[in-house]
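What follows is a short report on a single structure.
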Amino acid sequence: MYTGISSSIKDAISLEVKNAVSNLQQDILNNISTIMDSRLSSFQSNIRQSQQDISQSQIYKIEQTVTDNFSFKRKGNENQFKHESRVLSKLKEADVNLEGPDLSVDSVQTAKAKIVEGMELVRERQKLIKMADSSELGWKVVSEYVTNPIADDSEDEKKIIRAQHRAERKQKAEKSKKIVTRKAPYTR
């Protein structure tokens, strides 16, 4: 039975078909591998983001618990402190969100530095609010603490106590100026 095609041509066609099928199979495997890598990468990214969100939530709850244990004497101080706690929480969330892979390095670093500065300002303000609330003299102690730094940051407790004493002395001096001594009683 003669098919009209020589065996060498049949072998060449067979080889080309096998090569084409092999190339297609390799392309399919590469595409499947790329799709799987993409999906796994996306899945891994989602898990990482979920873990960061859970971690931040837990940190926020721990900080909130620590903050809730402090009892304020003045309602205004408590309200201001709670407000700044919320602001600090939002700044922390922004800090976490800026750690994404799609942002430029310079803008991320600048934004992150500014957020960190903002967080430090809020923490310092919260410290001053607690100091004012825990002292009988309130913001007078804070004023002394801020305007006349005595000790280094490592000696912060001494600094607070000295500010308290200075404020007490100033208040006593103001009271003594207000007391007017009469030289003679009223006459009729």
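The values are calculated or read from the model by the stated rules, or taken from the named source; none is laboratory data. The structure presented is a predicted model; accordingly, all values stated were derived computationally and were not measured. Here the Cβ positions follow ideal geometry from the backbone for every residue, glycine too, while neighbour counts run over all protein chains shown.
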Identify, from the list SER41, SER6, SER14, SER57, the residue that is small (Gly, Ala, Ser) and surrounded by fewer than 10 Cβ atoms within 10 Å (Cβ to Cβ). SER6
Mind checking whether some residue in region 56-79 is more than 30 Å from SER134 (Cβ to Cβ), of a type outside the set (A, V, I, L, M) and out of contact with any His (no Cβ under 8 Å at 6 or more places or on another chain)? no
Quick one: is ILE62 exposed (fewer than 11 other Cβ atoms within 10 Å of the Cβ) and either modelled with pLDDT under 90 or of a type in the set (Asp, Glu) (or both)? yes
Step by step: first the residues of region 126-172, then only those that are touching a Lys or Arg at 6+ places or on another chain (Cβ under 6 Å) and not small (Gly, Ala, Ser), then the one that is modelled with the highest pLDDT. Which residue is that? ASP133
